[in-house]
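Accompanying notes for the structure given below.
The values are calculated or read from the model by the stated rules, or taken from the named source; none is laboratory data. Being a predicted model, the structure only gives us computed values, none of them experimental. Backbone-built Cβ (ideal geometry, glycine too); neighbour counts: all protein chains shown. When the accessible area is computed, the model is the full protein with side chains, heavy atoms only, and any ligands, DNA or RNA have been set aside. Shrake-Rupley method; radii C 1.70, N 1.55, O 1.52, S 1.80 Å.
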Amino acid sequence: MLRLSMGEPQEKLKPVLSTLYAATLLLFIVEAIAGCILAVSYSPGVATAHAQVAAMHAGPERIVQALHYWASSVLIAASGLLVMAMLWSESYRDRLRVPFTAAVIFFLAALAFQISGNLLPFDRHGAQTASIEAGIAARAPVVGSSFRSLLLGGQGVSGATLRFWYLMHWLLALGIGAGLAGVYRFRRETFGGINKWAAAGLALLPLAVSLFAASPFGSPATQADMSAFDDRPSWYTWPLHGALALMDRVHSGWGWIGAMLIPGIFVLGALLLPWAAPKLQQRFVRGALILCICFFGGAAVFFGGAFSPLTGSRDPVAAGTKFKGTVVPPDAKLAALGRTAFGNLGCSDCHGKDLAGDSGPSLKNESQRHPDREFYEVYVKNPKSVDPSSTMPPFPDLSKDQLDQLADFLRQPR
């Protein structure tokens with residue numbers, strides 16, 4: 001095995017790291033050019049956004065629009081691969097500290113760039129995922145509700161949310177560009193030569209995909225989508241949703257640990273590693289990297305359910321559509337008991353005392369969406385049996401009487 005000197009990657013990996021750095025820069029340039037072209041025909045308004053993106057899909061801008069989406073996706077993959085390669089090859093020590101720290105920040109910014117852009121088409125998927133991600137943020141202790149309000153620009157997805165995320169999208173683009181331009185000068189003196197064909201091929205991959213596959217798109221967002229949680233996560237947030245579901249299985253209410261605390265620890269550890277632990281033995285770093293990959297990969301596969309389609313329609317499918325039995329009108333006495341149970345079981349902590357939603361979806365329209373009692377009996381006991389992507393913790397110990405009480409409370413017309 002080749003031995004590593006402090007701060008020097010293996011000779012065979014130097015061109016790989018340099019090529020990934022170059023490809024990341026090229027991908028961002030492609031992304032930036034496509035984004036500027038599309039911005040001419042887009043304005044972040046509830047009444048205009050979806051129609052404008054639909055026109056892009058149908059008009060001469062369709063290749064540019066698809067390129068913008070796929071380049072962003074490949075940028076996440078390339079920057080994430082770069083970080084892992086630098087960690088594995090010990091390319092974070094001494095004079096490589098700044099390039100490594102920049103690579104971690106690039107990956108985070110590329111991920112946030114894609115997340116913020118997900119809402120901009122303002123289709124059903126975009127609106128629901130914005131509500132879901134803000135709901136997950138609300139699970140954080142102490143600051144959760146305030147963070148959710150900041151992300152949404154209020155208490156629910158609205159025009160203010162769309163404008164704020166559009167602004168963040170542009171600011172993230174400017175930040176990535178400035179950082180890449182500044183750090184690129186380190187390339188020759190740190191990693192060696194570039195495989196120009198490989199870098200160009202990776203940068204042109206999104207264009208090749210765009211010629212055959214449009215970006216996913218769906219129907220216009222409705223008012224109900226502004227607070228619904230029916231949708232599946234996008235592929236890039238899939239591991240975090242899996243970690244949330246896994247920790248909720250460990251203990252109800254611990255989902256925020258999997259979705260925020262654990263990834264936050266890994267990210268903070270990576271950022272501080274070159275500065276706070278410069279002499280840490282490499283086997284510990286590689287072990288932590290393997291642990292991170294196994295934890296989030298396993299959580300995604302075994303607990304994350306399915307992710308949203310990569311192409312075609314990405315409209316969410318409402319959970320519980322298979323329940324079409326005879327609808328019995330809600331019983332007033334059971335509903336009154338259900339209101340008490342709703343508070344005692346902690347349901348209001350997620351869904352709000354007025355059912356308007358907080359870290360969980362609004363339940364004000366449940367009587368219209370699910371008028372049948374059977375849906376609640378099955379869903380509350382085991383949400384994933386109805387909706388594999390659900391982040392709601394199960395309540396397997398509730399009796400049928402308790403489930404009927406909750407069902408009739410939620411089925412009451414409002």
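Annotations for the structure displayed:
- The angle between the Cα long axis of helix 282-303 and the longest principal axis of the Cα atoms of the chain comes to about 30 degrees, rounded to the nearest 10.
- Lys/Arg +1, Asp/Glu -1 at C-beta; the range 255-414 dipole; positive extreme among G305, I290, A336: I290
- Average accessible surface for the range 347-407: 45 Å² per residue, computed with a 1.4 Å probe over protein heavy atoms with every protein chain in place.
- Sorted largest first, the spans of the alpha carbon positions of the range 273-314 along the three principal axes are 50, 20, 12 Å.
- Candidate residues L271, L87, L26, L162: accessible-area rank, largest first, probe 1.4 Å: L26, L271, L87, L162
- The angle between the Cα long axis of helix 400-411 and the longest principal axis of the Cα atoms of the chain comes to about 80 degrees, rounded to the nearest 10.
- Within a Gaussian network of the chain (alpha carbon springs, distance under 10 Å), most fluctuating of D94, D230, D387: D94
- Max mean-square fluctuation residue, GNM over the chain, Cα-Cα springs under 10 Å, options V143, V157, V209: V143
- Counted by Cβ distance under 11 Å from V53, the other residues give a net charge of -1, where Lys and Arg count +1 and Asp and Glu count -1.
- Principal axis dimensions, the chain - Cα atoms, whole angstrom, descending: 76, 52, 33
- In the range 84-127, the inverse of the mean reciprocal separation of distinct Cα atoms equals 12.3 Å; this is its Kirkwood hydrodynamic radius.
- Only Lys, Arg (+1) and Asp, Glu (-1) charged, at Cβ; the chain dipole about Cα centre in debye: 1040 debye
- Other residues within the sphere of radius under 12 Å centred on the Cβ of F302, judged by their own Cβ, net out at +2 (K and R +1, D and E -1).
- Summing Lys and Arg as +1 and Asp and Glu as -1 over all other residues whose Cβ lies under 14 Å from the Cβ of D354 gives a net charge of +1.
- Accessible surface for the range 1-120, divided over its residues, is 40 Å² per residue with a 1.4 Å probe.
- For the range 1-158, the alpha carbon positions stretch 59, 48, 22 Å along the principal axes, listed from largest to smallest.
- Between the Cα long axis of helix 49-58 and the first principal axis of the chain there is an angle of about 60°, rounded to the nearest 10.
- Carbon and sulfur %, accessible surface of the chain computed with the full protein complex present, 1.4 Å: 67 percent
- Separation in nanometres of the label points that stand 7 Å from Cα toward Cβ, at S145 and L280: 3.7 nm
- Which of A78, G144, L246, positive extreme of dipole for the chain (C-beta unit charges): A78
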